[in-house]
């Protein structure tokens, strides 16, 4: 027997099992990995912030007795008919094509019950969505699939999509297996072929052109509809300032945790900035232009709880938007489908091959049998419940900070747990008065 | 008994020296509820978004030249511009006819789903980009990257085409009488079959073009990029 002490087998941090598996996959297939969802890597996030709550210098509101308002009006700058929402949480743009018709219907049902809006996506407006969404935002995308003036006029707002957090600077691809006759018809393309969504608009480049494009959209819709501009989290100060210049009523700012139907994993994980890092520069741009609260800011990308909502609002957002969380509320990645997930080589919580159209939960698919697994009425109720919980949680925190409206939350209500979060959110590191980048050390 | 609507033969004049763009477009968009069917727009001074979002069988004559997006998202109406047009003329048109006597800047007919766009002069780059069913007839030349990602419809060019014609083309048909500087990815020359001659003859007639269908070559998609294949990555 050899008594010599042995060195334990040591895995490389740099070449982890996960990294090596991807190298082997790439070597085998010769192509990059495509998936749905947003960044999975750990980045500084709202979890790294805490509310201070009321104390000697400020008093709280009674949790079950004193009002804490949650309403928000979007589009007050130019639109004749701004959107009035009961809660500061909207449903983000997700396309029919990437999602099934019943899933779009469920989003509309849930959002309407909760008093908020849904948003179309690449692929046009469906009856399921318009019919069940009390307030519907119609996305104006580079592909212009299904774009037409009639739908533009029956929308409640128009969102010009410049970029999204999962892939700032990237377009999209809906693979052929999801291109049924209906999806293809709405996009004026043959059934079964891969459909590319362009990364930039076909008839304008830059904010000067966009200003004219927005003029055209307003002229077509009698200046009634709020015009949103959606940007991915890239250069938030300048992107927001230029959006104001281009004439936006509302700016939607989507951080890198924001999801997508499908793009390259390398893109999702390596392009863009965390949501937490985007908000303060965006708010500063609005403040510098005297437009904070005049042009509304909607923040998205990784919003999961009422605490996330409250923290985003405290940093200066007017509302937040949820996509991935809404899908989870509908039933995405539900443990009851674990057997099916395993058959696809994955597991509950990790399923992200939304582009393949084989979603066991029946949400990111066009397969009739899988689609039938989602009951849009029941799923809509779940979404309504979830939105209600987010709102109640947000109100709870706001009352604890002594606020009679969730918009009264402010950066002074927050501290950070990490230096990174303190720097990004521009609030003090807990227990200090130090805001990295703002002096003091 | 409701009164029968009768067309008024008079031309209603909209003078942009006197009224704002909003009033011009509001008047044209309200045309279905009036008896006017003919309009003329004066003193355009290169304004943007003139005659956009129309939705009636009316005739609009724009005297002079325009800025961006003239006749954008047109439905049913006939819009005739006597001068030249800026970028994005007839963008996303659904139906109707747009005629430009002069030249057109970039993105003419971009993403348009239907109708006929006739440009009697030249069209700049990206003419017919992402077109989705429109018919475009250009009497002169077209610039580079025209018909990029064009999905369906017909682009007819009596003159020459610039670089990268029909790059990443889907099912649109391209007919060019003159030279083509270069073809874009997945765009190839195709046989001109009798049905194409027929389509072309009809379009030339409707566009008032003095040319014979037999003088044209047809270009279309090789359909090699319809399904993403890593072996075709060098094409991009």
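The values are calculated or read from the model by the stated rules, or taken from the named source; none is laboratory data. Bear in mind the structure is a predicted one, so any value in this text is a computation, not a measurement. Note: ideal-geometry Cβ built from the backbone for every residue, glycine included; neighbour counts use all protein chains shown.
Annotation: residue A:265 fulfils all but one of (1) at pLDDT 95 or above; (2) away from chain B (no Cβ under 13 Å); the unmet one is (1). For the stretch A:240-252, residues that are under 13 Å from residue A:212 (Cα atoms) and not in a helix (DSSP H, G or I) total 2. Among the residues of this structure, residue B:111 counts as one that is within 24 Å of residue B:154 (Cα to Cα) and within 14 Å of chain A (Cβ to nearest Cβ). On inspection, residue B:62 fails the criterion of being within 14 Å of chain A (Cβ to nearest Cβ) and crowded, with 22+ Cβ neighbours inside 10 Å. The set of residues in the stretch A:59-80 being assigned to a loop (DSSP other than H, G, I, E, B), surrounded by 15 or more Cβ atoms within 10 Å (Cβ to Cβ) and within 28 Å of the chain's Cα centre (by Cα) consists of A:68, A:70, A:75, A:76, A:77, A:78, A:79.
Among the residues of the stretch A:193-211, the one identified as under 15 Å from residue B:132 (Cα atoms), over 23 Å from the mean Cα position of the chain (by Cα) and free of Cβ contacts under 8 Å to residues at least 60 places away in the same chain is A:203. Among the residues in the stretch B:182-192, are any within 14 Å of chain A (Cβ to nearest Cβ), farther than 24 Å from residue A:200 by Cβ and not in a loop (DSSP other than H, G, I, E, B)? Looking through the stretch B:182-192, none of the residues is within 14 Å of chain A (Cβ to nearest Cβ), farther than 24 Å from residue A:200 by Cβ and not in a loop (DSSP other than H, G, I, E, B). State whether one or more residues within the stretch B:144-155 are outside any strand (DSSP E or B), surrounded by fewer than 16 Cβ atoms within 10 Å (Cβ to Cβ) and either under 18 Å from the mean Cα position of the chain (by Cα) or at pLDDT below 95 (or both). Checked the stretch B:144-155: no residue is outside any strand (DSSP E or B), surrounded by fewer than 16 Cβ atoms within 10 Å (Cβ to Cβ) and either under 18 Å from the mean Cα position of the chain (by Cα) or at pLDDT below 95 (or both).
Considering only residues in the stretch B:22-40 that are buried (at least 17 other Cβ atoms within 10 Å of the Cβ) and either over 24 Å from the mean Cα position of the chain (by Cα) or at pLDDT below 95 (or both), the one that is nearest to the other protein chains (Cβ to nearest Cβ) turns out to be B:31.
Being under 25 Å from residue A:204 (Cβ atoms), within 13 Å of another protein chain (Cβ to nearest Cβ) and free of Cβ contacts under 8 Å to residues at least 60 places away in the same chain holds for only one residue in B:161, B:150, and it is B:150. Would you check if there is a residue in the stretch B:216-227 being farther than 18 Å from residue B:150 by Cβ and either in contact with a strand residue (DSSP E or B) (Cβ under 6 Å, 6 or more places away or on another chain) or more than 13 Å from every other protein chain (Cβ to nearest Cβ) (or both)? For the stretch B:216-227, residues farther than 18 Å from residue B:150 by Cβ and either in contact with a strand residue (DSSP E or B) (Cβ under 6 Å, 6 or more places away or on another chain) or more than 13 Å from every other protein chain (Cβ to nearest Cβ) (or both): absent. Restricted to the stretch B:203-225, and to residues there that are in contact with a helix residue (DSSP H, G or I) (Cβ under 9 Å, 6 or more places away or on another chain) and without any contact (Cβ under 8 Å) to a residue 12 or more places away in the chain, the residue that is farthest from residue B:100 (Cα to Cα) is B:212. Could you count how many residues in the stretch A:106-138 are out of contact with any helix residue (DSSP H, G or I) (no Cβ under 8 Å at 6 or more places or on another chain), buried (at least 24 other Cβ atoms within 10 Å of the Cβ) and at pLDDT 95 or above? Selection size over the stretch A:106-138: 2.
Among the residues of this structure, residue A:358 counts as one that is surrounded by 17 or more Cβ atoms within 10 Å (Cβ to Cβ) and on the phi < 0 side of the Ramachandran plot. Taken as a whole, the condition of being out of contact with any helix residue (DSSP H, G or I) (no Cβ under 8 Å at 6 or more places or on another chain), free of Cβ contacts under 8 Å to residues at least 60 places away in the same chain and within 18 Å of residue B:92 (Cα to Cα) applies to residue A:150. Is the stretch A:381-401 home to any residue that is part of a loop (DSSP other than H, G, I, E, B) and closer than 22 Å to residue A:50 by Cα? Taking every residue of the stretch A:381-401 in turn, at least one turns out to be part of a loop (DSSP other than H, G, I, E, B) and closer than 22 Å to residue A:50 by Cα.
The residues listed here are A:289, A:253, A:276; of these, the one that is over 15 Å from the mean Cα position of the chain (by Cα) and more than 22 Å from residue A:364 (Cβ to Cβ) is A:289. Annotation note: of B:96, B:102, B:67, B:88, the sole residue that is under 11 Å from the mean Cα position of the chain (by Cα) and either on the phi < 0 side of the Ramachandran plot or at the interface with chain A (Cβ under 10 Å from one of its Cβ atoms) (or both) is B:88.
Listed here are the residues, each with its yes/no results for (1) touching a strand residue (DSSP E or B) at 6+ places or on another chain (Cβ under 9 Å); (2) within 14 Å of chain B (Cβ to nearest Cβ).
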{"site": "A:9", "(1), (2)": "no, no"}
{"site": "A:17", "(1), (2)": "no, no"}
{"site": "A:33", "(1), (2)": "yes, yes"}
{"site": "A:46", "(1), (2)": "no, no"}
{"site": "A:51", "(1), (2)": "yes, no"}
{"site": "A:88", "(1), (2)": "yes, no"}
{"site": "A:97", "(1), (2)": "yes, no"}
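Looking only at residues of the stretch A:29-51 that are at pLDDT 95 or above and outside any loop (DSSP other than H, G, I, E, B), we find that the one that is surrounded by the most Cβ atoms within 10 Å (Cβ to Cβ) is A:49.
In the set (1) farther than 30 Å from residue A:364 by Cβ; (2) crowded, with 24+ Cβ neighbours inside 10 Å, residue A:208 fails one condition alone, (2).
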